[in-house]
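Written below as structure tokens is the structure these notes are about.
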Amino acid sequence: MNLTAAYGLLAHGLIFGALAALLPLGALRQRVVLTATATALLVGIAPAMHGLFGTPSATLLQLAILQVAGHSPSPLTKWAAACLLAFALFFYPTALGWGPFDPYALGYQPAPLLAVLLVVGLALGWRRQHTWLAILGIDLLAYASGVFANLWDALFDPLLVLLALAIAARQGVIRLIASRNR
């Protein structure tokens, strides 16, 4: 088993544990999270997730770690989720060949992408978004370690986009219910 596969299996186990952390369990929360993470690795849930979704991004793993640790509120707010969804609406179609430009190819020779991320990092620091700045820094370290062949894979993945979609849909449902109750 290579480093990327081992990372993917362990990360998916932790992501499954983070899903269990969303349950309102009170004092049993940490035990259930640990049990869910171990069960995902031993029973085959993590390999199934790895086969279905591929290697999770370092960003998704860090958000899962924050969820397991009980960090509240989550840094993936409705604004951050909306920004990720807007970016994904541009990125995925063009990466699949709908247009003359393939942004995914930039991740293999990422000098221009790193220049853009420098500006993003400065903006995050200026806005005092220290959690997102740390996530970005760890993403870059994960890419530099060789776990990811493409920088985009370290930054985001389809499962993270699905999570952002769920957050945006939840906000839409909340607004719909609130407007009907008026």
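Out of everything in segment 135-164 that is under 17 Å from LEU84 (Cβ atoms) and of a type in the set (Gly, Ala, Ser), what residue ends up being surrounded by the most Cβ atoms within 10 Å (Cβ to Cβ)? Taking the candidates together, the pick is ALA154. One residue stands out among those in segment 54-85 that are in a helix (DSSP H, G or I) and under 12 Å from LEU22 (Cα atoms): the one that is nearest to the chain's Cα centre (by Cα), which is ALA64. The sole residue among LEU42, LEU96, LEU52, LEU34 that is aliphatic (A, V, I, L, M) and surrounded by 12 or more Cβ atoms within 10 Å (Cβ to Cβ) is LEU34. The residues listed here are THR35, THR4; of these, the one that is of a type outside the set (Lys, Arg), under 24 Å from GLY137 (Cβ atoms), more than 16 Å from the chain's Cα centre (by Cα) and not assigned by TED's automatic domain parsing to the domain that holds ASP139 is THR4. Contact annotation: residue pairs with Cβ atoms under 7 Å, 6 or more positions apart or on different chains, pairing a residue in segment 109-131 that is closer than 23 Å to GLY146 by Cα and touching a residue at least 24 places away in the same chain (Cβ under 8 Å) with a partner that is surrounded by 12 or more Cβ atoms within 10 Å (Cβ to Cβ) and among the small types (Gly, Ala, Ser), are LEU113/GLY107. Checked across segment 30-45, the condition of being in contact (Cβ under 8 Å) with a residue 12 or more places away in the chain and of a type in the set (Lys, Arg) holds for no residue. Would you mind stating whether PHE87 is assigned by TED's automatic domain parsing to the domain that holds ALA142, in contact with a helix residue (DSSP H, G or I) (Cβ under 7 Å, 6 or more places away or on another chain) and surrounded by 14 or more Cβ atoms within 10 Å (Cβ to Cβ)? When the stated conditions are applied, PHE87 does not pass them. Between ILE167, ILE177, the distinction of being crowded, with 16+ Cβ neighbours inside 10 Å and either more than 23 Å from GLY8 (Cα to Cα) or over 14 Å from the mean Cα position of the chain (by Cα) (or both) belongs to ILE167 only. Quick one: is VAL68 under 30 Å from ARG127 (Cβ atoms), buried (at least 16 other Cβ atoms within 10 Å of the Cβ) and modelled with pLDDT under 95? Criteria met by VAL68. No other residue among LEU60, LEU25, LEU118, LEU133 is over 27 Å from ALA6 (Cα atoms) and at pLDDT 95 or above apart from LEU118. In segment 101-182, counting only helices (runs of 4 or more DSSP H) that sit wholly within it, the ones holding 3 or more residues that are of a type in the set (Lys, Arg) and out of contact with any His (no Cβ under 6 Å at 6 or more places or on another chain) span 158-180.
The values are calculated or read from the model by the stated rules, or taken from the named source; none is laboratory data. This structure is a prediction, so every number in the text was calculated from the model and none was measured. Because the Cβ atoms are built from the backbone with ideal geometry, glycine has one as well, and the counts that use them run over all protein chains shown.
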